[in-house]
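In what follows, a structure is listed as structure tokens, so that the remarks can point back to it.
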């Protein structure tokens with residue numbers, strides 16, 4: 001990836017952001033949205049994080065200050081009316097939920113991290129937490145990232161530690177203290193199973209980027225100082241091109257670097273700059289890009305009152321498919337079920353070719369075990385049960401609720417008979 005990247009962008013001035021799926025896929029629908037544009041509005045407090053499901057383009061998860069995680073299904077073609085009822089509400093955190101993250105290979109597995117210093121992993125299919133990591137982090141969790149096949153977690157924490165964990169066993173594989181000397185938040189992402197990339201600050205508030213070998217965690221492979229600013233740098237890694245994009249809240253630029261196996265490991269490529277600062281940043285999955293335009297990345301930059309799509313393209317004269325830019329990439333199909341992953345099985349992501357462009361398959365239904373009695377399921381801590389644990393527990397709870405309901409009905413029938421007897425007298 002020694003090519004210079006061209007930057008192109010289209011301004012989308014919308015006071016309330018609500019993208020139709022066609023807009024996300026092709027970017028052809030732009031302009032100001034009507035004030036009556038339907039939105040997703042079921043939380044009772046501000047939404048802090050969202051994440052689109054990698055295995056269902058119609059499903060999105062959200063975490064909020066109301067201490068809940070909600071999972072929503074957006075109909076094909078976008079919203080026609082405001083959505084207030086989620087598919088499922090996940091309750092288990094005691095403080096606001098700042099991070100939600102879908103599992104990369106297991107279907108219906110969702111992670112959430114809250115300001116209660118707890119990480120919960122949910123089986124969305126039955127609306128329960130299947131793993132609770134509640135004694136590992138002693139302070140606020142800054143970031144969480146899965147590795148490529150979802151067998152490991154990498155977390156950064158206010159206690160100044162980076163931890164590599166096996167979430168199902170609850171064990172720490174490796175950890176390092178003070179990856180960056182400064183006191184401001186650190187972010188970390190996997191770039192391979194044995195390497196992570198972190199962003200942080202020096203003691204003099206200089207922003208830094210570093211690459212680490214998790215098998216020799218005592219010192220970084222490389223550490224580079226970028227500039228002096230207060231905005232926390234958020235890394236986005238593309239495993240297909242080995243490019244990491246770095247964007248900071250309050251910045252007006254996106255830097256990108258190539259990660260290689262040889263020193264100095266992190267090579268600066270270029271940066272996109274604009275006049276307006278960003279409040280947040282979204283990253284389009286690879287299968288949503290325009291291959292015929294050599295688009296290798298697309299961001300959605302959130303401003304005060306608009307959202308700006310930013311396309312990163314590589315200049316090529318040929319109209320032929322560029323195989324070096326587009327190796328087989330992550331597809332929409334899950335490699336594992338939630339039960340298989342929970343039982344200890346791992347699988348690499350299922351890949352697809354983008355040679356003929358990505359054509360979405362028919363709408364995928366998210367199946368959730370409905371609680372027909374409208375009684376909230378009890379919360380559970382970390383589970384070591386294998387396949388079928390979620391279904392068995394739900395059935396047991398339903399049978400108990402049915403028993404209680406029958407007793408209530410019998411009591412009401414007895415009461416009605418007494419009232420009828422009194423009326424006839």
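The values are calculated or read from the model by the stated rules, or taken from the named source; none is laboratory data. In this text the structure is predicted, and so the values were computed from the model without any measurement. Here Cβ is always computed from backbone atoms with ideal geometry, including for glycine, and neighbour counts include all displayed protein chains.
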**OP:** May I ask you to verify whether residue 247 is more than 23 Å from residue 212 (Cβ to Cβ), surrounded by 15 or more Cβ atoms within 10 Å (Cβ to Cβ) and touching a strand residue (DSSP E or B) at 6+ places or on another chain (Cβ under 8 Å)?
**Re:** no
**OP:** Counting only residues that are surrounded by fewer than 19 Cβ atoms within 10 Å (Cβ to Cβ), give me the strands (runs of 3 or more DSSP E) lying completely in segment 33-90 with at least 2 of them.
**Re:** 47-52
Subject >> Evaluation of residue 83 against (1) within 21 Å of the chain's Cα centre (by Cα); (2) modelled with pLDDT under 90 (one fails), failing number >> reply: (2)
**OP:** Only residues that are in contact with a strand residue (DSSP E or B) (Cβ under 9 Å, 6 or more places away or on another chain) and within 18 Å of residue 165 (Cβ to Cβ): list them for segment 117-135, please.
**Re:** 117, 118, 119, 120, 121, 122, 129, 130, 131, 132, 133, 134
Subject >> Filter result for residue 76 (closer than 22 Å to residue 287 by Cα and modelled with pLDDT under 90) >> reply: yes
Original post:
Which numbered condition trips up residue 320, out of (1) under 19 Å from residue 358 (Cβ atoms); (2) modelled with pLDDT under 90; (3) under 22 Å from the mean Cα position of the chain (by Cα)?
Top reply: (3)
**OP:** Among what's in segment 278-291 and is over 18 Å from residue 244 (Cβ atoms) and at pLDDT 90 or above, pick the residue that is farthest from the chain's Cα centre (by Cα).
**Re:** 291
Subject >> Sole residue being free of Cβ contacts under 8 Å to residues at least 40 places away in the same chain, more than 22 Å from the chain's Cα centre (by Cα), surrounded by fewer than 22 Cβ atoms within 10 Å (Cβ to Cβ) and within 26 Å of residue 298 (Cα to Cα), chosen from 181, 225 >> reply: 225
Original post:
Which pairs do you get when a residue that is within 10 Å of residue 113 (Cα to Cα), found in segment 87-98, comes within reach of a residue that is surrounded by fewer than 16 Cβ atoms within 10 Å (Cβ to Cβ), reach meaning Cβ atoms under 8 angstrom, with the pair 6+ apart or on two chains?
Top reply: 96/45
